[in-house]
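A quick write-up on the structure given underneath.
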Amino acid sequence: MEDAQVLLPKVAWPARGGKEIIYRASSPRDPDYLDKIDTEIDLATDGTGSQLPGGGGPGLHAPVTNSKKKDSSRSLQPFDVEEAPSTPRPSQSTINQWLHWGLSLGTLYLFNLALAKAVAAAGISFPSPLIGMFGIIGVLVATSAVSQPRAEQLCALFQPAVAWIEKWLALFYVPSLVMLPLSLRSLSGSEMARIMGVNVIGVFLTLLVTAQIAISVRNLVRTQLEETTPPKQSFPFNRNHYIGWGALLLTTFLGLAASGGSLLTQLSVPFLLASTVCGYLGGTSLPSKARAVFHPVIVTAACANIGALLQGWVTGIGYDESLRSYLTKTAGAWGAGDWLMSLLGVVILSFGFKIFGQRRLMKRHAPEIFGSVILSAAFSLLSTAFMCRAAGLSPAIARGTTPRSVTIALALPIATALDAPHTMTAFSVVLSGLIGANFSQLVLTKLGYKDPIARGLACAGSAHGLGTAALAASESEAVPFAALAYALMGITSTLLVALPPFRSLILMITG
């Protein structure tokens, strides 16, 4: 997507020595400005020239001097206060940014709820968020045909929500994984081994098939690869996130312990929510080598389970009952997991803005992208169903494992369409993602697949978002294709399963 020239409001801070400095983001429309505002607030008490607290991100450093030299890079520029006498104070600027974020996210959330009710009332079985996503793409395409700047402004309106969703994305996938201890108890060691075997073999089969399809199509069309800009990395969490969520975790736990369970109804949701979020914050702050073993998703699920264990202990309701309250899936009182999963529909809606933003790339490499995605999605679903049948897994487990290559936001609707247990689907999706994230690049390199398009499509096709994240650290040329593929893979898989003949074929294979 072309960048619209939208500058952040200037913010004034007192600098060391009493000289007031004005900061302003000099980049074009910036999806991460909420995080910049948070980080700038952290800077208010730091007059040094060191990097901003928490890493800050590329190009964000505290200025050492009051240079008036302008720079075209994505950095914060200092200006003398005399140059901007009407600059709003930090509190005003911050409030405006948060209002923009709340408006954009709230609009998408309410739209998702209204659309779900409308689709259910019409008796349509197709996932309502996908209908909304296609609607968003259609509106943006139609608007851009009339006025490209208007389309860019519309994207900019919702960019705070899209950036926020991307930053917290893995958190919304966790609830089904948190419930695994209750679901896996009924499985024998032999069944667990077979499930893991299907996932391991499936990841590498899908990886190699997708890569070979992409290479074959590229050899036919011979479209030259242009230099692309990889998706921007979100800013790291700052100390306010850790302090705020840590304080909530501590106070709610003390409240549960002091009340002996009498405040369970009031404190259970915030305590378990804080346990989950703190696990995610801790998991994402681990060194990169540690994250290869202790992935943030696994750390988050483990911390949520520890929270459920502690809640059950101090209130006397026990671990099982405490964990069941985490994800109720009922129309009654929601648990912490229900609130997190209520945002999965918004995640799918956000794909519409991402796909629209990559429309030029999709048009230029349409044969490679769509040819690989469609064939890879069909192969992954059918081959997994066949392997589950050959491994002697029960029909319910086989159906739950089938959408293992799909991002969980869309894998769960597929599981619903196949009448499969969500927890088994979540387990298979995360397991496939972890295997692919750690070994896909190595396997492709060993087998001689060097083309960035093939590598990006293959890693995302076999390991969805986790495979895409692994690429981001070392293969910037492949990342745009992976980012597209992991969304399109889920969309295509959902469309295939929505076709009665294809769904009947999977059900026939799995038994």
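With a cut-off of 8 Å between alpha carbons and a minimum separation of six or more residues, what is the relative contact order of the stretch 81-212 in percent? Show your work: numbers first, answer last.
Working: 33 pairs, mean separation 32.0, N = 132.
After rounding, I find 24 percent.
How large is ³J(HN,Hα) for each residue in the stretch 103-111, as worked out from phi by the Karplus curve 6.51 cos²θ - 1.76 cosθ + 1.60 (θ = phi - 60°), to whole Hz, x for Gly and Pro?
Each residue's phi maps through the Karplus curve to give 5, 5, 5, x, 4, 5, 5, 5, 4 Hz.
List every residue whose amide H lies under 5 Å from the amide H of residue 358, counting only residues 5 or more places away in sequence or on a different chain, with H placed 1.01 Å from N in the peptide plane.
Close amide H contacts, sequence-distant or interchain: none at all.
Over 28 Å between C-alpha atoms is what I'm after, so list which of 354/446; 289/363; 363/450; 363/446; 117/354 land there. Present the calculation step by step, with values, prior to reporting the outcome.
Working: 354/446 32 Å; 289/363 37 Å; 363/450 22 Å; 363/446 31 Å; 117/354 25 Å.
Over 28 Å Cα-Cα: 354/446; 289/363; 363/446.
Could you please report the charge total around residue 493, scoring K, R as +1 and D, E as -1 over all other residues with beta-carbon less than 14 angstrom from its beta-carbon? Show your work: numbers first, answer last.
Values: positive: 399, 404, 503; negative: none.
Within the 14 Å Cβ shell, the charges total +3.
Using θ = phi - 60° and the Karplus curve 6.51 cos²θ - 1.76 cosθ + 1.60, what whole-Hz ³J(HN,Hα) does each residue of the stretch 141-153 get, with Gly and Pro shown as x?
Whole-Hz 3J(HN,Hα) from phi for the stretch 141-153: 5, 5, 5, 5, 5, 8, 8, 4, x, 5, 5, 5, 5.
Please sort 180-190, 433-443 by packing, taking for each peptide the average over its residues of neighbouring beta carbons within 10 angstrom, highest first. Walk me through the intermediate numbers first.
Values: 180-190: 12.1, 433-443: 21.5.
Output ranking for 180-190, 433-443: 433-443, 180-190.
Leaving out ligands, DNA and RNA, and with a 1.4 Å probe, what % of the accessible surface on the stretch 247-316 is carbon or sulfur?
Working: 2380 of 3220 Å².
Using a 1.4 Å probe with all protein chains present, the stretch 247-316 comes out at 74 percent carbon and sulfur.
I'd like to know which of 361, 385, 413 lies farthest towards the positive end of the charge dipole of the stretch 354-511, counting +1 on Cβ of Lys and Arg and -1 on Cβ of Asp and Glu.
Ranked along the dipole, the leading option is 361.
Where does the stretch 209-341 land on the Kirkwood hydrodynamic radius, alpha-carbon pairs, in angstrom?
Evaluated on the stretch 209-341, it is 17.5 Å.
Where nothing but the Cβ of Lys and Arg (+1) and of Asp and Glu (-1) is charged, how large is the charge dipole of the stretch 331-472 around its Cα centre, in debye to the nearest 20? Mind dumping the intermediate values first?
Working: 11 positive and 4 negative charges, 103 e Å.
So the magnitude is around 500 debye.
The values are calculated or read from the model by the stated rules, or taken from the named source; none is laboratory data. Not measured: the values here are computed from a predicted model. Heads up, the Cβs are rebuilt from the backbone with ideal geometry, glycines too, and the neighbour counts pull from every protein chain shown. Just so you know, the surface numbers come from the protein's heavy atoms only, side chains and all, with ligands and any DNA or RNA stripped out. Shrake-Rupley method; radii C 1.70, N 1.55, O 1.52, S 1.80 Å.
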